[in-house]
1. Which residue, of 302, 336, is surrounded by fewer than 24 Cβ atoms within 10 Å (Cβ to Cβ), in contact with a strand residue (DSSP E or B) (Cβ under 9 Å, 6 or more places away or on another chain), free of Cβ contacts under 8 Å to residues at least 60 places away in the same chain and not in a helix (DSSP H, G or I)?
2. Being in contact with a strand residue (DSSP E or B) (Cβ under 6 Å, 6 or more places away or on another chain), surrounded by fewer than 21 Cβ atoms within 10 Å (Cβ to Cβ) and outside the structural domain of residue 76 (by TED's automatic domain parsing) narrows it down to one of 133, 173, 144, so name that one.
3. Residues being surrounded by fewer than 19 Cβ atoms within 10 Å (Cβ to Cβ) and either outside the structural domain of residue 299 (by TED's automatic domain parsing) or touching a helix residue (DSSP H, G or I) at 6+ places or on another chain (Cβ under 6 Å) (or both): count how many of those fall in the range 223-260.
4. Any residue at all in the range 158-165 that's buried (at least 16 other Cβ atoms within 10 Å of the Cβ) and under 21 Å from residue 100 (Cα atoms)?
5. Considering 185, 209, which residue is out of contact with any strand residue (DSSP E or B) (no Cβ under 8 Å at 6 or more places or on another chain), in a loop (DSSP other than H, G, I, E, B), at negative phi and at pLDDT below 95?
6. Can you tell me which residue in the range 66-86 is nearest to residue 329 (Cα to Cα), limited to those that are in contact with a strand residue (DSSP E or B) (Cβ under 8 Å, 6 or more places away or on another chain) and part of a loop (DSSP other than H, G, I, E, B)?
7. Could you go through the range 172-191 and let me know if any residue there is out of contact with any helix residue (DSSP H, G or I) (no Cβ under 8 Å at 6 or more places or on another chain), over 20 Å from residue 12 (Cα atoms) and touching a residue at least 60 places away in the same chain (Cβ under 8 Å).
């Protein structure tokens, strides 16, 4: 049994994380926090948790006590805040899983240039939290920087081809569409129902902060400098991401080599479902689950491969992935509490 605490439990990712941890047979939730709702029960803010989780939200003011009373701390705060928590807890044995961006980058200068925030904890011992690729490092990590939602869908789609040098790493284009929960629970005009409904739009073109995160992982896998084009889109649904990734095939790369690369890398992975060549993943079929569905198509006319991947942004793209990382780090079965079928319809 591991004692866990959730810092920032009232956002969508924090609430999803609680929903998973509640059913985890080897996790005891010790503390949950919220600076804006301190003293309230979580069920007051999320009525779907009535009778399931009635914990009272605490303040971060006593983070050292929370840290001393926890084996693992999940941080579900906006970027720029997790590093403050990490600094205060660095001398304690508690391990940290950050669902934000503060600990995702090996080179903190990249973080600073894209997030416009000075990094206060640049020498923190950390690993990138994408389980299917960094599992062995996650097992012993002090701090795990949970991979982002767009990045999870994109990196998992591209990883086998980049790792096996089947595509030109600098020809990659990613178009990805996300449900509105990815923008968080805060009120924003663009997420207002009349603005969002019956609409489809791109945003942060050529400057989305997940771009360098995708590049970092692909460079690590392929061993060469990689620059991509990434364009995110917003769709009028609450959950889900569909990523469409394009890359130019290297000379003499055939269809069977593409198929074999995916099978070799993911054939035994619990949470990656290969739809194969010609497959069409859909967000409906991963909703509420920790699965990533992947299919690919080869355009012989342009010599490009098109990979499609679908995830639930709040589960595999956030809370489910965090629990998958927790299970690995704690030595539990990796699928504990996240081995559930997608919600359908």
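1. From the options 302, 336, the qualifying one is 302.
2. Working: 133 fails: in contact with a strand residue (DSSP E or B) (Cβ under 6 Å, 6 or more places away or on another chain); 144 fails: surrounded by fewer than 21 Cβ atoms within 10 Å (Cβ to Cβ).
Of 133, 173, 144, the one residue that is in contact with a strand residue (DSSP E or B) (Cβ under 6 Å, 6 or more places away or on another chain), surrounded by fewer than 21 Cβ atoms within 10 Å (Cβ to Cβ) and outside the structural domain of residue 76 (by TED's automatic domain parsing) is 173.
3. Selection size over the range 223-260: 2.
4. Within the range 158-165 (the criterion being buried (at least 16 other Cβ atoms within 10 Å of the Cβ) and under 21 Å from residue 100 (Cα atoms)), the answer is no, since none of the residues qualifies.
5. Values: 209 fails: at pLDDT below 95.
Step by step, each of 185, 209 is checked, and only 185 is out of contact with any strand residue (DSSP E or B) (no Cβ under 8 Å at 6 or more places or on another chain), in a loop (DSSP other than H, G, I, E, B), at negative phi and at pLDDT below 95.
6. 71
7. We begin by selecting, within the range 172-191, every residue out of contact with any helix residue (DSSP H, G or I) (no Cβ under 8 Å at 6 or more places or on another chain); these are 173, 175, 177, 186-188.
Adding the requirement that they be over 20 Å from residue 12 (Cα atoms) leaves 173, 175.
This time we only want the ones that are touching a residue at least 60 places away in the same chain (Cβ under 8 Å), so: 173, 175.
Yes.
Matching residues to (1) modelled with pLDDT under 95; (2) outside the structural domain of residue 290 (by TED's automatic domain parsing); (3) under 26 Å from residue 122 (Cβ atoms); (4) buried (at least 21 other Cβ atoms within 10 Å of the Cβ):
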{"position": "8", "(1), (2), (3), (4)": "no, yes, yes, yes"}
{"position": "13", "(1), (2), (3), (4)": "no, yes, yes, yes"}
{"position": "17", "(1), (2), (3), (4)": "no, yes, no, yes"}
{"position": "51", "(1), (2), (3), (4)": "no, yes, no, no"}
{"position": "64", "(1), (2), (3), (4)": "no, yes, yes, no"}
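The values are calculated or read from the model by the stated rules, or taken from the named source; none is laboratory data. The model shown is predicted, which means the values in this text are computed figures rather than measured ones. Neighbour counts run over all protein chains shown; Cβ positions are idealised from the backbone, glycine included.
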